[in-house]
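Below: the structure, in structure tokens.
The values are calculated or read from the model by the stated rules, or taken from the named source; none is laboratory data. The shown structure was predicted, so the numbers you read here are calculated from the model rather than taken from an experiment. Here the Cβ is made from the backbone with ideal geometry for all residues, glycine too, and neighbour counts use every protein chain on show. These area figures cover heavy atoms from the full protein model, side chains too; ligands, DNA and RNA do not enter into them. Shrake-Rupley method; radii C 1.70, N 1.55, O 1.52, S 1.80 Å.
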Amino acid sequence: MKRLLPLLLILPLAGFRPAPLPPPVPQDGPVRVALVDRDRGTELRSYPADGQRWVAGERGHRYAVRLYNDSPRRVLVVLSVDGVNAISGEDADPSQTGYVLNPGQRADITGWRKTQDEVAQFVFSSPSGSYASRTGRPDNVGVVGVAVFEEARRWYPRPQPILRDRAGPAPAAAEASAAADASASRIEGYSAKSQAPALGTGHGARESSSVRDTDFERATRSPAQVLQLRYDSARNLRARGILLDSPSRLDRQPQAFPNRYVPDPPAR
């Protein structure tokens, strides 16, 4: 019998607006990932280079990892930031705990999870000021990744109570770890031939962010999808030959409802 691990389900907050209906599931997997500059209120554009996707961040700005579940089923997303599991703080491995997204759900992960009701904000920092470096793990600074698992179809009632296995990784860890090692080798190989990163992810101020425990049975031992985004300063990306569009030059899409909140009245 497959083993159930304790996982975290994202809960809609007050005023939650559901994402638009998702497009057809892409060929490479059910989940899309983006980084959002929370201080600018914009989703950061990614640029292809050397077989990877790159994002330009700005030191001192808070950011979120935006996850889109484009599939009609629940998925588990194990989130790694700078090689560290964003929930447990362990060296990231696909066999670990993660976030469960409902069909068609969009969710913004805004920080390192501290409790079920609080996170420490993700903030673009110096590499030496990153959480990974400050905890003695600087080797993978500058990358955000996800390992995605689809849910097994259940033909029997879910066991009660929810199993909460705190002993360690599942027996499937060996296969999942192999997939992670393959992804990590690509990261390390690129890092070896490139300049030192200018950004890392710091452990920022605390803020409210509520989740609850749920159970989830993985359909496969290995991830159905592994994605990663490299991030660095705009200056470093240009030095790598990546041409960046300034925000003012990006195409603006028309919006039917451009104002989200009530504006202030005109001054007298």
**Request:** Could you look through the range 90-136, keep only residues that are over 21 Å from VAL77 (Cα atoms) and among the small types (Gly, Ala, Ser), and pick out the one that is least open to solvent (accessible area, probe 1.4 Å)?
**Result:** SER130
**Request:** Among the residues of the range 34-81, count how many are over 26 Å from VAL100 (Cα atoms), surrounded by 19 or more Cβ atoms within 10 Å (Cβ to Cβ) and hydrophobic (A, V, I, L, M, F, W, C).
**Result:** 1
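Taking the options GLY60, GLY89, GLY104, name whichever one is more than 26 Å from ASP215 (Cα to Cα), among the small types (Gly, Ala, Ser) and either at pLDDT below 95 or not in a strand (DSSP E or B) (or both). Walk me through it before giving the result.
Values: GLY89 fails: more than 26 Å from ASP215 (Cα to Cα); GLY104 fails: more than 26 Å from ASP215 (Cα to Cα).
The unique qualifying residue is GLY60.
Given the options ALA192, ALA239, name the one that is under 15 Å from ALA49 (Cα atoms), at pLDDT below 95, open to solvent by 50 Å² or more (accessible area, probe 1.4 Å) and not hydroxyl-bearing (Ser, Thr, Tyr).
Values: ALA192 fails: under 15 Å from ALA49 (Cα atoms).
Going through ALA192, ALA239 in turn, the sole match is ALA239.
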**Message:** On the basis of being modelled with pLDDT under 55, of a type outside the set (S, T, N, Q) and either part of a loop (DSSP other than H, G, I, E, B) or open to solvent by 60 Å² or more (accessible area, probe 1.4 Å) (or both), does ASP181 make the cut?
**Reply:** yes
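What tally of residues in the range 115-144 results from selecting those that are more than 16 Å from the chain's Cα centre (by Cα) and not in a helix (DSSP H, G or I)?
The qualifying residues number 10.
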